[in-house]
Amino acid sequence: MAAEGGGKEANEIKTQFTTREGVYKLLPNSEYSRPNRVPFNSQGSNPVKVSFVNVNDQSGNGERICFNVGRELYFYIYKGVRKAADLSKPVDKRIYKGTLPTCHDSNALTATAESVSLLVGFSAGQVQLIDPIKKETSKLFNEDRLIDKSTVTCVKWVPGSEHLFLVAHGSGCLYLYNVEHTCGTTPPHYQLLKQGESYAVHTSKSKSTRNPLLRWTVGEGAVNEFAFSPDGKFLACAGQDGFLRVFCFDTAELQGTMKSYFGGLLCVCWSPDGRYVVTGGEDDLVTVWSFSDSTVVARGRGHKSWVSVVAFDHCITSVQDSEAPAEFSGSDEDFQDQVQSNGSRERANSTQSRISKRNSTGISVTYRFGSVGQDTQLCLWDLTEDILFPLSRTRTHTNIMSGETSTNGNNSATPSNSPLPRSNSLPHSSGNSPKSVVDSALIATGVSKFATLALHEARKERHQEKDHKRNHSISYISNKSSDKLNQLIGTQKAKTDGAKTLGTTLCPRMEEIPLLEPLVCKKIAHERLTVLIFLEDCLVTACQEGFICTWARPGKVGLLSSQNPANSPSGTVV
C-alpha cells in the first residue's frame, strides 16, 4: 500500500519503523486520549504533556500516566504493552475553568499505590498540589498571582526531596517552593543573594517563613524547560533567548553556557551518565553539548520545524570496554575528588588527556537519544565515539574538518573570545567552598538566617527599564511581569548579539563540528508532536490532538499484539 501513490509516501503516517535493534511497532490498543477519542481542537492551546510515575504496585501495574488536553487533566493506570488501555476508567479526571494546565510532575520518592503527590502548573501562573488517587486537592501556590503572573512552563520536584519543588515561568524566573510553607497574602519582597553573567538569585525578605524560598532570574525571555542532572546536583535551563545555562543547584554557580544556532531553545535533557546535555529549539536542530568540556560536540539535522522535545534512551545507551571496564569512569573519579574539595564539579583542564585516556582503552560508546518536533516527525539519533572523541579518527575520514576543529577548537579557542564569559572558567577558591543556597534557605525555618547571607548586597538591585528583544526567535511575547522582573537584573545590560557568538565556543559554525544524520526520521502524527518518553519496553509519543501513543520495542509486543491480530500495524518498515 505504501508503494502506491509515489510522492504520497513521504506524507504517510508511519506505524512502525526499523533500527539496528529491530522493529518498533505502534500499538493502537494502547493509545490513551480523552475517553471519547475525539481529536482535540488544538488551536491556540497549550501543548499536550505527559508524565509518568511508578507507584511500586505489587500487581505489576505500577506505572501511572498523567496527561493534559486543553482544560482537562487525566490520570490513568498505564498498562503499556501488556494490556489494552481502558479509557472508561480514569483514576482521576479534572476540568479547569479560567486557566489551562500546562505541565505536571509526580513525586517518585513518595508515590505509593494509595497516594501520589502530583504538581500541576497552569497558564495563569498558579501551581496546584493534588492527590489523584485520593482525589484530594492539597494546596494551591501563587493562588493570587502575587509571585508571578506569567504562564508556568515547567514544574519538577527537586530530586531526593519530599517537600521542595522548582517552577519555571514565561517571565524567565524560576521559583523554589516548599509544600509545607504558605505563599503569603502580599507580594514577596526580595534581596539579592548571588549574581552572575545573565542571572541572579534572590531570597524572600520576610520575617516569617513563606514561599518562594528562592527566585532565580535567568537570561532574557522565558525559561522554556529545565532538567536536573541524573545525580540531582546540576540544573540545565533552556531559554527563549537561545542560551543553555547549567548551574550547580546547591550553590547557584553557573557551570557552563551554550548558544543555539539561532532562535530560542525549547527543550533540554541529560544523558544517563550526566556527561552530555542535548537541546532542541527554533533552529530545527538538536545540539549535543559536553558538560565536562563545556563545548558543543555535535549538531543533528533532520527536523523541518522547531524541535519540541529531546530525550535519551537509557535502554540503548551503552559503554562497553572488555579490557578495562573501569577506565571509562576515570574522569568521574576525578570529578568526585573535585566535588569533595570544592563542593561542585569543576571542569578537568585537559580535554586531550581525557580523550586519549578513553581512546587508548578501545572503548565502544553509544548514546541513543530521540527528538520530536512541530513537523510531526520522530527522529532517533546515535552518538558514538567517533563523534565524541574525534582524535581517534583517521585523516581520511569524511569528517576530518569537524575533527580538527572540535579537537583544536576546544583548546585554542579561549573563553576570552566569547562575549559571554563562563563562570566555570574561573577557579573556585579551595579554601572557601561555595555555600548551598538551598540549605541556607531551610535552616531553622530559614528566613532570618538566610537573609543575612546577602544583606550587604541587598542594595545592589537595579531598577532599570529593559527592552525585551529576542535573537531571531519569533514566538516570544513580552509581558508586564517579565519587564518588571528584568529590571532587577543588572548584568543583562550588555546584551549578547547572536552574530558575535557565532564562531565561538558558545556557538560554533555548522562546518566546525560534526553534523549528525538521524537513524530514523518518520512522520508519526497529523499534528505537532509534544511528547517523547523512553520506557523499559516501549517509547511513548503524543501529539497536539491529544493522542498518546505507545510504540513497543523490538520483541516487546507480547500478549497485547497476539490478542489483537486484526489491529496489527500495517505501515511500511523503512
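The values are calculated or read from the model by the stated rules, or taken from the named source; none is laboratory data. In this text the structure is predicted, and so the values were computed from the model without any measurement. Reconstructed Cβ throughout: ideal geometry from the backbone, glycine too, with neighbour counts over all protein chains shown. Keep in mind that these areas ignore ligands, DNA and RNA; they rest on the heavy atoms of the full protein, side chains included. Shrake-Rupley method; radii C 1.70, N 1.55, O 1.52, S 1.80 Å.
Things worth noting here:
- Residue match in the stretch 71-94 (condition: among the polar types (S, T, N, Q), part of a loop (DSSP other than H, G, I, E, B) and either open to solvent by less than 70 Å² (accessible area, probe 1.4 Å) or closer than 22 Å to GLU136 by Cβ (or both)): no
- Taking residues in the stretch 501-525 that are outside any loop (DSSP other than H, G, I, E, B) and of a type in the set (Ser, Thr, Tyr), and partners anywhere that are modelled with pLDDT under 95 and open to solvent by 40 Å² or more (accessible area, probe 1.4 Å), the pairs with Cβ atoms closer than 8 Å and at least 6 places apart or on different chains are THR501/PRO419.
- When the residues of the stretch 51-68 are filtered to those that are at pLDDT below 95 and open to solvent by less than 10 Å² (accessible area, probe 1.4 Å), the one that is farthest from ILE133 (Cα to Cα) is GLY62.
- Against the list (1) among the polar types (S, T, N, Q); (2) farther than 30 Å from LEU516 by Cα; (3) buried (at least 24 other Cβ atoms within 10 Å of the Cβ), the condition THR209 fails is (3).
- Filter result for GLY121 (touching a helix residue (DSSP H, G or I) at 6+ places or on another chain (Cβ under 8 Å), small (Gly, Ala, Ser) and surrounded by 15 or more Cβ atoms within 10 Å (Cβ to Cβ)): no
- The one condition in (1) open to solvent by 10 Å² or more (accessible area, probe 1.4 Å); (2) at pLDDT 95 or above that VAL246 fails to fulfil: (1)
- Single residue of VAL127, VAL116 found to be crowded, with 22+ Cβ neighbours inside 10 Å, touching a residue at least 24 places away in the same chain (Cβ under 8 Å), closer than 20 Å to GLN58 by Cβ and among the hydrophobic types (A, V, I, L, M, F, W, C): VAL116
- Matching residues in the stretch 262-290 - criterion: being among the aromatic types (Phe, Trp, Tyr), in contact (Cβ under 8 Å) with a residue 60 or more places away in the chain and crowded, with 21+ Cβ neighbours inside 10 Å: TYR276
- If the condition is being assigned to a strand (DSSP E or B) and either farther than 26 Å from GLY256 by Cα or of a type in the set (A, V, I, L, M, F, W, C) (or both), then the stretch 172-189 contributes CYS173, LEU174, LEU176, ASN178.
- Members of the stretch 35-50 that are under 19 Å from TYR78 (Cα atoms) and either surrounded by fewer than 15 Cβ atoms within 10 Å (Cβ to Cβ) or over 26 Å from the mean Cα position of the chain (by Cα) (or both): PRO35, ASN36, ARG37
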